[in-house]
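Q: Before I ask anything, let me first share the structure, which is written out below as structure tokens.
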Amino acid sequence: MIIAANLKTNLTRKATHKYMQELDSCVQKSSQEVIVFPAISSLDAYKTDITVGAQNAYPVEKGAFTGEIGLEHLTEFGIKTILIGHSERRHILGESQEFIAEKFHYFKEQGFRIIYCVGEPLAVRESSKEEMLAYLYQQYEGIDTQYENLIIAYEPVWAIGTGKIPTLEDIADIHSELKKKSSAPLLYGGSVKVNNVKDILQVENVDGVLVGSAALYADHFCSMIQAAEELEKN
Ligand SMILES: O=C(CO)COP(=O)(O)O
């Protein structure tokens, strides 16, 4: 399974290096695919089996895009994995579906592994299932759902950072619908914690998790990796 951590705007460079060292010993004993997306200031060529990904980058090699990093800043560290379409980039930073699709196309052309995020806000969730699926499917516009290096992450916006998660039946239902759009590995994200990760990973069509706040502690994230390991062994 794919066990991914999105550290968002957390952990200094020094703290991230300590985090990666602590996590590396846990990952050595695991057959799970572990991906960590550190803060941009902590990108580095870490000596580890953990895949390091970029939470964001501008769809150019380099250029006049103040405040952004481009392909060459990722290549410097051997980074070939990127998160695209996260709800915080959509709803807080205002990235349009058109620009997200442009980013997707650019990093696909560079052969990147892409974790592509989709998810609905609460108001959409509370409407009909048809409306919710229509909203989610709009987030696939301009995206090559057959791209061989694609991973999808379903992250209901109302579950991110709230401690609330859909019922396991709802996760199963939505994941089965999303699998009709793409056979790519499909992760669940949104308030994944040590105490619910095993249940979530056992849901059909859940191929892993994308964890935010609970992954900020290496020991907590390690126990989630171990939970996935135990499930695969049994
Ligand atoms: O946004 C997320 C991962 O990308 C989920 O965040 P939380 O795990 O903090 O809800």
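Q: Determine if the stretch 184-191 includes at least one residue that is surrounded by 15 or more Cβ atoms within 10 Å (Cβ to Cβ), away from the ligand (no atom under 11 Å from the Cβ) and within 30 Å of Thr12 (Cβ to Cβ).
A: Filtering the stretch 184-191 down to residues surrounded by 15 or more Cβ atoms within 10 Å (Cβ to Cβ) leaves 184-191.
Among the residues that remain, those that are also away from the ligand (no atom under 11 Å from the Cβ) are: 184-186.
This time we only want the ones that are within 30 Å of Thr12 (Cβ to Cβ), so: none.
Scanning the stretch 184-191, I find no residue that is surrounded by 15 or more Cβ atoms within 10 Å (Cβ to Cβ), away from the ligand (no atom under 11 Å from the Cβ) and within 30 Å of Thr12 (Cβ to Cβ), so the answer is no.
Q: Give Ile171, Ile160, Ile143, Ile225 a once-over and let me know the one that is open to solvent by less than 60 Å² (accessible area, probe 1.4 Å), within 13 Å of the ligand (Cβ to nearest atom) and among the aliphatic types (A, V, I, L, M).
A: Ile160
Q: Just the residues that are crowded, with 17+ Cβ neighbours inside 10 Å and either of a type outside the set (S, T, N, Q) or modelled with pLDDT under 95 (or both), please, taken from the stretch 204-215.
A: Matches in the stretch 204-215: Val206, Asp207, Gly208, Val209, Leu210, Val211, Gly212, Ala214, Ala215.
Q: Name the one entry in Gly94, Gly119 that is within 18 Å of Ala4 (Cβ to Cβ) and of a type outside the set (S, T, N, Q).
A: Values: Gly94 fails: within 18 Å of Ala4 (Cβ to Cβ).
That would be Gly119, the only listed residue that is within 18 Å of Ala4 (Cβ to Cβ) and of a type outside the set (S, T, N, Q).
Q: Across the stretch 51-87, what is the total count of residues that are over 21 Å from Val118 (Cα atoms), open to solvent by 10 Å² or more (accessible area, probe 1.4 Å) and away from the ligand (no atom under 16 Å from the Cβ)?
A: Total satisfying the criteria: 17.
Q: If I filter the stretch 88-111 for residues that are within 20 Å of Thr9 (Cα to Cα), touching a residue at least 24 places away in the same chain (Cβ under 8 Å) and not in a helix (DSSP H, G or I), do I get at least one hit?
A: Among the residues of the stretch 88-111, not one is within 20 Å of Thr9 (Cα to Cα), touching a residue at least 24 places away in the same chain (Cβ under 8 Å) and not in a helix (DSSP H, G or I), which makes the answer no.
Q: Please go through (1) under 19 Å from the mean Cα position of the chain (by Cα); (2) not in a helix (DSSP H, G or I) for Gly63 and return the number of the only condition it doesn't satisfy.
A: All conditions are met except number (1).
Q: What are the residues in the stretch 1-26 that are of a type in the set (A, V, I, L, M, F, W, C) and either at pLDDT 95 or above or farther than 26 Å from Asp207 by Cα (or both), if any?
A: Passing the criteria: Met1, Ile2, Ile3, Ala4, Ala5, Leu7, Leu11, Ala15, Met20, Leu23.
Q: Another one. Can you name the number of the only condition in (1) touching a Leu at 6+ places or on another chain (Cβ under 9 Å); (2) of a type in the set (A, V, I, L, M); (3) within 15 Å of the ligand (Cβ to nearest atom); (4) open to solvent by 10 Å² or more (accessible area, probe 1.4 Å) that Val124 fails?
A: Going through the list (1) touching a Leu at 6+ places or on another chain (Cβ under 9 Å); (2) of a type in the set (A, V, I, L, M); (3) within 15 Å of the ligand (Cβ to nearest atom); (4) open to solvent by 10 Å² or more (accessible area, probe 1.4 Å), Val124 breaks only (3).
Q: Sticking with this structure for a sec: Go through (1) closer than 17 Å to Leu7 by Cα; (2) out of contact with any Phe, Trp or Tyr (no Cβ under 7 Å at 6 or more places or on another chain) and name the single condition Glu232 misses.
A: (1) is the only condition that Glu232 fails.
Q: Can you name the residue in the stretch 60-87 that is in contact (Cβ under 8 Å) with a residue 12 or more places away in the chain and polar (S, T, N, Q) and, of all such residues, is nearest to Thr145 (Cα to Cα)?
A: Per the criteria, the residue is Thr81.
Q: Quick one: which residue in Ile200, Ile165 is of a type outside the set (Asp, Glu), open to solvent by 20 Å² or more (accessible area, probe 1.4 Å) and touching a strand residue (DSSP E or B) at 6+ places or on another chain (Cβ under 9 Å)?
A: On the way: Ile200 fails: open to solvent by 20 Å² or more (accessible area, probe 1.4 Å).
From the options Ile200, Ile165, the qualifying one is Ile165.
The values are calculated or read from the model by the stated rules, or taken from the named source; none is laboratory data. If you're wondering where the values come from, they're calculated on a predicted model, not measured in any experiment. All Cβ positions, even for glycine, are placed from backbone atoms using ideal geometry, and neighbour counts span all protein chains on display. Protein only, heavy atoms only, side chains kept; ligands, DNA and RNA dropped before computing areas. Shrake-Rupley method; radii C 1.70, N 1.55, O 1.52, S 1.80 Å.
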